[in-house]
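Shown next, in structure tokens, is the structure this report addresses.
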Amino acid sequence: MKDFIPFIIKRLGITAVTLMVISMVIFGVCQLMPGDAVDIMLGGIALQSLGDTTIEELRKELGLNLPVYQQYFNWVKGLIHGDLGTSYVMKAPIAPLVISRLKTSLLLAVPASLMMIVCGLALGILSAVKEKTWIDHSISIASLAMLSVPAFLTGSLFIYIFSVKLNWIPAAFNAIDMEGIGFFKLISSYFGILIFPSLTLAFESIAYVNRQTRASMIEELKTNYVRTAVLKGVPPKAVIMRHALRNGLLPAVTVIAFMIGQIIAGTVIIEVVFSYPGIGALMLDAIKFRDIPLILATMVVISSAYVFANLAADILYTQLNPRIKYS
């Protein structure tokens, strides 16, 4: 335990540096985007009616007259204090908007992550236990299919089948209906129709977790201590649950954490396919209208979620595997 605290501090330090580098890259890319912030805010026609003095005053008010490095530090200072800035296009504070859209994105990401963990691990364990049987071959073929089909195509097929043909889910979600509703009320109200976007989001991740779990479990089931347990007459279920499962799942933990990050990033595509009002769709709208403060805010939130998912994987892996040294 005495080595655990320094390990956490070290990992948090690495995470902080990673986030700083990510923020620099995002800010730098946004600075290279074409277009003028004042032009975006006022529109070309309104801009022509203003004098040069008024335009310069507006630039000064927005801090656009400062050097790029100073603009970056001011932006980071705002981030630390929870101020994500003001949208150029919507002319409203960004933080409440991002929080609202993040809530709706979590309605996809959380069920998708649970599906990935439960289905991926269960199929991987079953495939390993039934190695070289028709069950194993069927699961392997299904996994390859899930990895091969792009998410946007899977989503389009779901919309065609369950929306166009069966009319079970709407072809597009109404952002107005979903805003201002509590998280748990959203789950209870939209559970039935959110299941298909979540399943689309989880498809590829389930296949990755399944394949990793299968490989590690097959290797673990062939170790000497597991064979010894079998020779001693330990029931097969106990051999799997008590002996093979703990070590066999260790490699899958890292894959799961990585795929949770992938799921969070993958919401962008799924939200576009299903016309779902999440943070990914918000980011694409911001890019389309060149709303730089909103682009910065959404990309930082998505990137941070990805980084913290991997941090959680590192911490969890060291706790599950005593052979790993904190150093």
task: Being over 14 Å from the mean Cα position of the chain (by Cα) and at pLDDT below 90 is the filter; apply it to the range 99-119 and report the residue that is surrounded by the fewest Cβ atoms within 10 Å (Cβ to Cβ).
output: Ile99
- prompt: Among the residues of the range 58-80, is there at least one that is at pLDDT below 65 and polar (S, T, N, Q)?
  reply: no
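With the condition kept exactly as written, say whether any residue in the range 255-271 is over 15 Å from the mean Cα position of the chain (by Cα) and aliphatic (A, V, I, L, M). Don't jump to the end; show me each part of the working.
From the range 255-271, those over 15 Å from the mean Cα position of the chain (by Cα) are none; that's our starting set.
Within the range 255-271 (the criterion being over 15 Å from the mean Cα position of the chain (by Cα) and aliphatic (A, V, I, L, M)), the answer is no, since none of the residues qualifies.
Residue check: is Ile279 over 18 Å from Glu204 (Cβ atoms), in contact with a Lys or Arg (Cβ under 7 Å, 6 or more places away or on another chain) and at pLDDT 85 or above? Explain how you work it out, then say what you get.
Numbers: over 18 Å from Glu204 (Cβ atoms): yes; in contact with a Lys or Arg (Cβ under 7 Å, 6 or more places away or on another chain): yes; at pLDDT 85 or above: yes.
For Ile279, the condition - over 18 Å from Glu204 (Cβ atoms), in contact with a Lys or Arg (Cβ under 7 Å, 6 or more places away or on another chain) and at pLDDT 85 or above - is met.
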message: Please return the ranges of helices (runs of 4 or more DSSP H) entirely within the range 139-243 where 3 or more residues are modelled with pLDDT under 85 and within 23 Å of Ser127 (Cα to Cα).
response: 224-231
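Give the number of residues within the range 125-135 that are touching a residue at least 24 places away in the same chain (Cβ under 8 Å) and either buried (at least 16 other Cβ atoms within 10 Å of the Cβ) or not in a loop (DSSP other than H, G, I, E, B) (or both). Lay out the reasoning, then the answer.
Applying the first criterion (touching a residue at least 24 places away in the same chain (Cβ under 8 Å)) to the range 125-135 yields 125, 127-129, 131.
Next, only the ones that are either buried (at least 16 other Cβ atoms within 10 Å of the Cβ) or not in a loop (DSSP other than H, G, I, E, B) (or both) stay: 125, 127-129.
Qualifying residue count for the region: 4.
The values are calculated or read from the model by the stated rules, or taken from the named source; none is laboratory data. In this text, all values refer to a predicted model and were calculated from it rather than measured experimentally. Heads up, the Cβs are rebuilt from the backbone with ideal geometry, glycines too, and the neighbour counts pull from every protein chain shown.
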